[in-house]
Amino acid sequence: MKFLFPLIAVLGTAPCFAADAPVDEGQATPPSRIKVAKDFKVELLYSVPAATQGSWINLCTDDKGRIYTSDQFGGIYRFAPPPAGQTLNPATIAKLPADIKAGNGLLWAFDALYVGVNDYQNRTNSGLYRVTSSKGDDQLDKVEKLRDIDARGDHGVHAVVLAPDKKSIFLVCGNGAKPVATDSSSVPRIWGEDHLLPRMPDGRGFMRDVLAPGGSIYRISPDGKTWDLYACGFRNIFDAAFNRDGELFTYDADMEYDLNTPWYRPTRICHVVSGADYGWRNGAGKRPEWYPDTLPPVINIGPGSPTGVTFGYGAKFPAKYQEALFGCDWSWGKLYAVTLQPKGASYTAVKEEFLSGTPLPIADAIIHPQDGTMYFVIGGRKVQSGLYRVSYVGKESTRPASVMRTAGRHFASSFGSADDGSVMRAGMCDDAHGRQIDELGVTTIWDYLKSSDRFLRWSARTAIEHQPTKNWADTVFTETKPAIQMEALLALARVAGIDPQHREPNDPPVDKAMQAKLLDTLGKFDWDKLNEEQRRTLVRTIQIVCVRFGAPDAAQTERLIAQLDPHFPAPTRELNWLLCETLAFLQAPHTAAKAVALIERAPTQEEQMEYARDIRLLKAGWTTELRTRYFAWFHQAANYRGGASFDKFVEFIRKDAVASLSAEEKTALADVLAKKPERKSALEAAATILAGRTPTAWTLDELTAAARTGMKGRNFATGRRMFGAVGCFACHRFGNEGGMTGPDLTTAGSRYTPHDFLDQIINPSKEINEQFVPTVLTKMDGTQIIGTIVNLNNNTVMVNTDPTDPAQDIELDRATIKSIEPSKVSLMPPGLLNLLTKDEILDLAAYVLSGGEEKNAMFAK
């Protein structure tokens, strides 16, 4: 199976179908163009007539098994699913008499249809609605608006979800929906941007005025009168679903403009817990998943456009799929099946591509409770819409799965059974979110601050932050257990300080005495006795203190520099990110030299860009030679590729750096500032360090023989540099770095031997990973476009043809496309390894196959 593919755009799976199959106007994508998991069948039940019924984006069922669907810009329709083997009869589709449109979320509960309205044409109509029958005759004609929500564009009001205990509903909103006034908040109302250095909003200005809390999920009483902010910090979530344990999951969007920047976050499945902040902030301020003041996803999916999610419960599918979380990806035309495994107070996950097509803008999916099949709908943005049914036709048992269930945090009584203790403890902490508890409760929760389980630790800290500060602040400074004190200091810094961008006129003045106590206590930790995660928390907490309480005084600054400077640079990229930023803020004198050296040594554009951003306003410690090397990096960065805002972000960094120069420095640096960059391709730029080498035509037999005895004790630093030098980072994610137009290689070692890995590089067309086969679009005039369909809008198809440049695409009129088929040839260039030495190749292989872990037993000395 192929898994390395750095030249042609390969973002979407290209299913096999006849090359002469036409693209029919007015017809939804035929099942022949849809690839589905083994022994499953896809039926096209209905092609939606755009002129009269619009483009459908939502599905739900009522207690009679009827299906409801909504046109993104129009009304709501109802129909009974057709019998097996039959298509949907148009005469059976009824438009609801209710005067309501633009439903982006549908839920049947409490004898009513709840509708999340996101009106693109009149935002004053947006909000949460309830639709019922005024005469009790099953004709849904009565419309009640339960709450106004000011929302804009695609990032507004979305799904409505029933709680497992059937006592409340949850409303899902993207970051384009302004925060709603709530009666309570499970999230402490202390959110902030918490940018240590001046904020860098989106390079193209997208939502630059939107601050925290971002996309949010609300818990609401059935009558719509009582609201609680349950979780926040999302970008653009469209749907959510509860598992059998009563735990909530959502599928959050990436910011595609950020691709290949250090702050890019892929689309991801998040376990939504009470009081959580998932770290979305505008522009360059998005919190990486390893920050202690955010929570990570259970799994990163990749670039895409998340829409509907549903669990497979009730499906007449094999057990594996009955338990899967299905996530729809609108732009890449994929439906993922995500298998979740409980781990502590949260979960881990693996994903597989269950279904895909080109084009296939999947908007929503449901499991029908009566016939046990899956229904999904394609549509949105006025593209051709269609309704489909997926059924299992294989020989595996489809009996209801027998599973060991974990007691959920809040709904254990409904979903019963024991857990390992972490979930129960997290549930106890969650119960203190938004309310004051007694001293015994605080004491019990306080001890959980030292937990190695990140989700339990978060839940405990959130519970503490909800308690009156005077009840626990003094305990922070007298705490003798470092792990507890570290987390408590983070809580106190957040509660006692206020982010300047969120400060209100009536807020109390900055408490400089509290700042001094916090910094003094943070300065007493023994760095050598802290683990990696605790070191990150220490430095990040120092950052938050400096943001929320203002710059430290001269003596405090000197002490902080003395504390942190000896540890920079650090062994990990994450610590270097935090240390470089903090020391630059403090104007530490050695930061310039250390950061420039890191920029020159870092193999990825993301890492280089982060250090360049960190020191853009640094004024201390520079020499003309260091400044020259720093500004030379911008010539190199001109050849890097990323999302639509990438070039603007680089421009912002350079503009700030130039503005920080004195007149004398500008004169001394005139030549490098005036020099225009030499334009190269992304792969040419990556291979600069290999220039002048004589190529060697390595064979698979040679390298396999070397790998048999030569994989122990490899140099991972060299392997990482070579991974960048031959262009792998341009297309492949590895850890938290790299592009995403090829497969993520982080876990390649769990699937491939050194021989297999080398075979795929040397023989790139031998077997191409079906998820990354390039698509060939043949036009009516015979010309061909090779790439991947990345977006749709009405009848316009956008195709990316250069995976090293995620912002690149061309637009095609759908009517001009004659056929779509998969390419049989990988355009990954042959001889990628030919400029490397044998040792460098083995270092690269060891680095990738170990997952970057030098302690991996397979490669340890």
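The values are calculated or read from the model by the stated rules, or taken from the named source; none is laboratory data. Just so you know, these numbers come straight off a predicted model, no measurement behind them. Reconstructed Cβ throughout: ideal geometry from the backbone, glycine too, with neighbour counts over all protein chains shown. For accessibility, only protein heavy atoms count, side chains too; no ligands or nucleic acids. Shrake-Rupley method; radii C 1.70, N 1.55, O 1.52, S 1.80 Å.
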Checking Asp154 against (1) more than 25 Å from the chain's Cα centre (by Cα); (2) open to solvent by 20 Å² or more (accessible area, probe 1.4 Å), only one condition comes out false. Which one?
(1)
Sole residue being out of contact with any Lys or Arg (no Cβ under 9 Å at 6 or more places or on another chain), over 23 Å from Glu256 (Cα atoms) and at pLDDT 90 or above, chosen from Leu661, Leu673, Leu703, Leu618
Leu618
When you scan segment 501-521, how many residues do you find that are within 27 Å of the chain's Cα centre (by Cα) and over 13 Å from Arg189 (Cα atoms)?
1
Conditions (1) buried (at least 19 other Cβ atoms within 10 Å of the Cβ); (2) within 30 Å of Ile615 (Cβ to Cβ): number failed by Ser216
(2)
From the list Thr443, Thr462, Thr478, which one is closer than 17 Å to Val273 by Cβ and of a type in the set (S, T, N, Q)?
Thr462
Report, by residue number, each residue of segment 331-342 that is in a loop (DSSP other than H, G, I, E, B) and open to solvent by less than 20 Å² (accessible area, probe 1.4 Å).
Ser331, Gly333
Restricting attention to segment 639-653, which residues are of a type outside the set (Gly, Ala, Ser) and either free of Cβ contacts under 8 Å to residues at least 24 places away in the same chain or open to solvent by less than 40 Å² (accessible area, probe 1.4 Å) (or both)?
Asn639, Tyr640, Phe646, Phe649, Val650, Ile653
Quick one: which residue in Glu678, Glu625, Glu607, Glu665 is in contact (Cβ under 8 Å) with a residue 40 or more places away in the chain and over 27 Å from Thr804 (Cα atoms)?
Glu665
Every residue in segment 290-329 that is open to solvent by less than 10 Å² (accessible area, probe 1.4 Å), within 24 Å of Asp744 (Cβ to Cβ), in a loop (DSSP other than H, G, I, E, B) and touching a Ser or Thr at 6+ places or on another chain (Cβ under 9 Å), please.
Leu295, Ala324
Does segment 347-369 contain any residue that is at pLDDT 95 or above, in a loop (DSSP other than H, G, I, E, B) and open to solvent by 10 Å² or more (accessible area, probe 1.4 Å)?
yes
Could you name every one of the helices (runs of 4 or more DSSP H) located completely within segment 614-708 that has at least 1 residues being touching a Ser or Thr at 6+ places or on another chain (Cβ under 8 Å) and of a type outside the set (Val, Ile, Thr)?
624-637, 646-659, 663-668, 682-686
Go through segment 91-139 residue by residue and tally those that are free of Cβ contacts under 8 Å to residues at least 24 places away in the same chain, of a type in the set (S, T, N, Q) and either closer than 20 Å to Gln53 by Cα or open to solvent by less than 20 Å² (accessible area, probe 1.4 Å) (or both).
2
Taking segment 444-463 as the search range and keeping residues that are hydroxyl-bearing (Ser, Thr, Tyr) and within 24 Å of the chain's Cα centre (by Cα), which one is farthest from Thr475 (Cα to Cα)?
Ser452
Filter segment 35-81 for residues that are within 14 Å of Arg389 (Cβ to Cβ) and without any contact (Cβ under 8 Å) to a residue 40 or more places away in the chain; which is least open to solvent (accessible area, probe 1.4 Å)?
Phe79
Enumerate the pairs (first residue in segment 789-807 and closer than 21 Å to Ala730 by Cα and small (Gly, Ala, Ser); second residue anywhere and at pLDDT 75 or above and part of a strand (DSSP E or B)) with beta-carbon separation below 9 Å, excluding pairs fewer than 6 apart on the same chain, so at least 6 apart or on different chains.
Ala807/Asn800
Please determine whether any residue of segment 684-698 is at pLDDT 90 or above, exposed (fewer than 15 other Cβ atoms within 10 Å of the Cβ) and of a type in the set (A, V, I, L, M, F, W, C).
yes
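Mind listing just one residue for me: the one in segment 234-251 that is among the hydrophobic types (A, V, I, L, M, F, W, C) and part of a strand (DSSP E or B) and, of those, nearest to Thr310 (Cα to Cα)? It would help to see each step written out before you state the result.
Pass one, segment 234-251, residues among the hydrophobic types (A, V, I, L, M, F, W, C): 234, 237-238, 240-242, 248-249.
If we keep only those that are part of a strand (DSSP E or B) too, we end up with 234, 240-242, 248-249.
Working: Phe234: 19, Ala240: 7, Ala241: 6, Phe242: 8, Leu248: 11, Phe249: 9 Å.
Checking each candidate, the answer is Ala241.
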Scanning for something part of a loop (DSSP other than H, G, I, E, B) and within 30 Å of Leu849 (Cα to Cα), does segment 716-731 turn up at least one residue?
yes
Subset tally (residues that are part of a loop (DSSP other than H, G, I, E, B) and not basic (Lys, Arg)) for segment 95-153
24
Suppose we keep only residues that are free of Cβ contacts under 8 Å to residues at least 12 places away in the same chain and under 14 Å from Arg559 (Cα atoms) within segment 494-525. Which one would you say is most open to solvent (accessible area, probe 1.4 Å)?
Lys524
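Looking only at segment 738-753, filter to residues that are part of a loop (DSSP other than H, G, I, E, B) and under 21 Å from Ala705 (Cβ atoms); which one of those is least open to solvent (accessible area, probe 1.4 Å)?
Tyr752
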What are the pairs, 6+ residues apart or on separate chains, where a residue within segment 382-404 that is open to solvent by less than 30 Å² (accessible area, probe 1.4 Å) has its Cβ under 6 Å from a residue that is of a type in the set (Lys, Arg) and not in a loop (DSSP other than H, G, I, E, B)?
Ser391/Lys41
So which residues in segment 195-222 are over 19 Å from the mean Cα position of the chain (by Cα), β-branched (Val, Ile, Thr) and assigned to a loop (DSSP other than H, G, I, E, B)?
none
Being of a type outside the set (Asp, Glu) and touching a Leu at 6+ places or on another chain (Cβ under 7 Å) is the requirement here; does Ile220 meet it?
yes
